[in-house]
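Throughout, read-outs are computed from the coordinates displayed, never taken from laboratory work. Remember, it's a predicted structure, so these values are computed and weren't measured experimentally. So basically every Cβ, Gly included, is an ideal-geometry build from the backbone, and we count neighbours across all protein chains shown.
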Amino acid sequence: MKKKLVVLTGAGISAESGIKTFRDSDGLWEGHNVMDVATPEGWHKNPALVLDFYNQRRKQLKEVEPNLGHQILAELEKDFEVHIITQNVDDLHERAGSTNVLHLHGELLKVRSTKNPNYILDWQDDLNFGDFDENKNQLRPHIVWFGEEVPALDEAISITQNADYFAVIGTSLQVYPAAGLIDFTARETPIFYIDPKPIKIPNLRNPLDVIPEVASEGMKILKKKLTAFI
């Protein structure tokens, strides 16, 4: 049986494909305060702004491609049972060929009902006022905004608990509950941490291997390290 590699990815891996983040921008995302475009309060205050913001993000996503970091993760499925838990809302992991991707914070190419969170549709183009669910309720971006529950968290915890190897790629480990997943790894599970600006991880019980590189360069190194275990 293949060993299980669980990978938590964040904005750093998508940034190399040209997708802008607010991670190093004082809370601004493409020039917008995240509180205006990524919170329930922002939606209620100015839904037109929120719809336009995500329409622009959807257009941007069509203009970028997966990078080497995404591609190496997909290639690792030849030798490992790879499970990707991502904080990213893009589809670059899937487009690179990864087959087990869990999106903690929603997906840009899906929308859902404002009244029924289980009514979810694939959505490639603009979302506008008057786009309704089957009961004439307005549709909204299928994004987990700040202050909202993370529906996929329990599944992510279950996947993490069964990891033989756990990798963290391109995430600041500052956004919870995603950052807390590392605490659910078994004590003996090796952890690989790829980030050009790695932070100190407090109270970590596991063997830790820090790779202070951007995602694509770090993934080259990680692939060599993991292949040595086969």
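How are the alpha carbon pair distances in the range 48-112 distributed across 5 Å bins from zero to the largest one, expressed in percent? The percentages, shortest bin first, are 4, 16, 25, 23, 16, 9, 5, 2, 1, 0. Where only DSSP H runs of four or more residues are counted, the chain gives -7500 deg cm²/dmol as its mean residue ellipticity at 222 nm, each run worth -39500 (n - 2.57).
Every Cα-Cα pair in the range 27-78 was counted, and those over 16 Å apart are 56% of them.
Counted residue by residue at 0.36 nm each, then reduced by the alpha carbon distance between them, the extension gain from Asn46 to Leu208 reaches 53.9 nm. The share of alpha-carbon pairs in the range 124-214 lying farther apart than 16 Å comes to 65%. If you bin all the Cα-Cα distances of the chain at 10 Å, starting from zero, the percentages per bin are 8, 33, 35, 19, 6, 0. Each peptide in 29-35, 175-181, 93-99 gets a packing score, the mean of other Cβ atoms within 10 Å over its residues, and the list from highest to lowest is 93-99, 175-181, 29-35.
What's the whole-number percent of alpha carbon pairs in the range 52-166 lying beyond 20 angstrom? Result: 49 percent of Cα pairs exceed 20 Å. Report note on the peptides 125-131, 157-163, 107-113: ranked by the mean count of other C-beta atoms within 10 Å, highest first, their order is 107-113, 157-163, 125-131. All Cα-Cα separations within the range 1-90 were binned at 5 Å from zero, giving a P(r) of 3, 12, 18, 20, 16, 12, 8, 6, 3, 1, 0, each value a whole percent of the pairs. Out of all DSSP beta bridges in the chain, what portion is antiparallel? Express it as a percent rounded to 5. Of the beta bridges lying entirely in the chain, close to 30 percent run antiparallel. Calculated FRET efficiency, Lys78 to Asp154, Cβ-Cβ distance, R0 = 30 Å: about 0.55 to the nearest 0.05. Identify which of Glu41, Glu134, Glu65 has the largest mean-square fluctuation in a Gaussian network model of the chain, with springs joining Cα atoms closer than 10 Å. Judging by the Gaussian network model, the answer is Glu134.
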